[in-house]
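This report concerns only the one structure given below.
The values are calculated or read from the model by the stated rules, or taken from the named source; none is laboratory data. Please read all numbers here as calculations on a predicted model, not as lab measurements. Positions of Cβ are generated from backbone atoms using ideal geometry, with glycine treated the same way; all protein chains shown enter the neighbour counts. These accessible areas exclude ligands, DNA and RNA; they are computed on the full protein's heavy atoms, side chains included. Shrake-Rupley method; radii C 1.70, N 1.55, O 1.52, S 1.80 Å.
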Amino acid sequence: MGTKRGWRTPEFELIIRDDLQEIASTDAPVHKGLIYRIDLRAESAVKSINSAVSYASQVTDQLSAVYGTAIDYPVPQFSIDVDRAYQNRELAQVLHNVPILHEPRREYNHQAYLSFYSRLDRLRLNDGKSAMRIDRALHYLRNSYLEQDPIDRFEDSWVALEAINPLTRRKYSRPTTYKRKCKNCDRDLFCRACNAQVCEGDNASGIDYIITQLLGQTQDAAKRLRTKRIDIVHARTGFAAVLNCIGELTQLAQRAVIAGTLDFLGFSKGEVSSLLQTMLPIATTPRVIVSATLENLSVEALKTYQKYPQLYLRCCECVTANRLQAHSREALPLAVQLLIGIQHFQGNWEILEMNLPVQVDSAIAGPAPEVIARKWNSSR
């Protein structure tokens, strides 16, 4: 950026500056990235974090396009209340160094994979084009599991569905067109010039069949899935509306890819049901948000601080069922306790709440763990 740059809109004010770090005292500072500071209005410090990331992403999208440079996703650090009407400050801190708490695994089932592989290999010999469609579907399904952005996860799962859609449509002789209806009376439209009903192409009839017949979902669920895809691809609505229920619909699409693939390969309905499992994500460090109240800290006093107050993780304790060290994280922890400290602040403070996501698979999950956050005073 060369120097700090500012953006001002009705929704937010943003300042971006270079993150210059000294590697050694004798070397010139090294550019490590960009630092974002956003001022905005929100109900709480915690809620402001998601809004800030969204606004920062909009600006980085613009910078990336104008300068032809890949820019990584903005990583949230903390948010602090600067409302002059109150003497207490709300501080929300994002902890990025919490250890992995749950790392579930599934054992390799040779018989299940051999059955799948042999059927796909047979299809590859007899119908190479259909096998290539399944290969494409499986590739994008795995990409969907790995994506970090929720919209990317949905789009990859839909591309996987599109790959097998013609296979299901051909197998069950599903129509490739649908009759258009009048928006006022809901009757089929009829063209007098060609003496025929008005029809349009239906490119999702195979997907609809998988959703309604193989997964037993309603026609409304299939319609919601198609509508979400149209909203995203054709930019019919804003990000807030797009993100609404996108996780639920992505899971539906991912299950549909598996169900449609197995059905086309000739697995029975019982076998399909047994192989439909919740996707286990790659276990990563959880992003934990802790919020606290800093007592008797005015905005004027805060301006005199050389560094903002910061919460940090002192230690983490997990209670788990007795098992070998190599498998210690496979089971959901029974209880989790985080000891939180504070730095660059000498006054009284209290923890408000903590958001600790724990990855759970429905096939192996137990009761949700009890999660406790305790504050740690350096005077102890």
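Using the 1.4 Å probe convention, the accessible area of the chain works out to 63 Å² per residue with neighbouring protein chains retained.
Taking chymotrypsin sites (Phe, Trp or Tyr not before Pro) across the range 33-117, the ones in a DSSP loop with at most 13 further Cβ atoms lying within 10 angstrom of their Cβ are TYR86, TYR108. Farthest toward the positive end of the dipole of the range 295-357, out of GLN310, GLN337, ASN322, is the Cα of ASN322, where the dipole comes from beta carbon charges about the Cα centre. State the percentage of accessible surface on the chain attributable to carbon and sulfur atoms; use a 1.4 Å probe and exclude ligands, DNA and RNA. Result for the chain: 48 percent of the exposed heavy-atom area is carbon or sulfur. With semi-axes √(5λ) of the Cα gyration tensor in Å in mind, check [x] 31, 25, 20; [y] 47, 29, 20; [z] 44, 36, 20 and report the label derived from this structure. Answer by label: [y].
In debye, nearest 20, what is the charge dipole magnitude of the chain about its Cα centre with +1 on Lys and Arg Cβ and -1 on Asp and Glu Cβ, if you could check? Walk me through the numbers on the way to the answer.
Working: 47 positive and 42 negative charges, 252 e Å.
Once rounded to the nearest 20, the dipole reads 1220 debye.
Between 0 and 90 degrees, the angle of helix 150-171 with respect to the longest Cα principal axis of the chain falls at about 10 degrees.
Looking at the range 263-331, the trypsin sites (Lys or Arg not before Pro) that sit in a DSSP loop and have at most 13 other Cβ atoms within 10 Å of their own Cβ are LYS307, ARG323. The distance from the alpha carbon centre of the range 74-113 to that of the range 259-274 is 37 Å, rounded to a whole number. Applying the criteria of a DSSP loop state and at most 16 other Cβ atoms within 10 Å to the GluC sites (Glu not before Pro) of the range 269-354 yields GLU295. About the centre of its Cα atoms, the range 1-141 shows a dipole size close to 600 debye [charges on the beta carbon of Lys, Arg (+1) and Asp, Glu (-1) only; nearest 20 debye]. The range 29-60 and the range 312-356 have their alpha-carbon centroids 26 Å apart.
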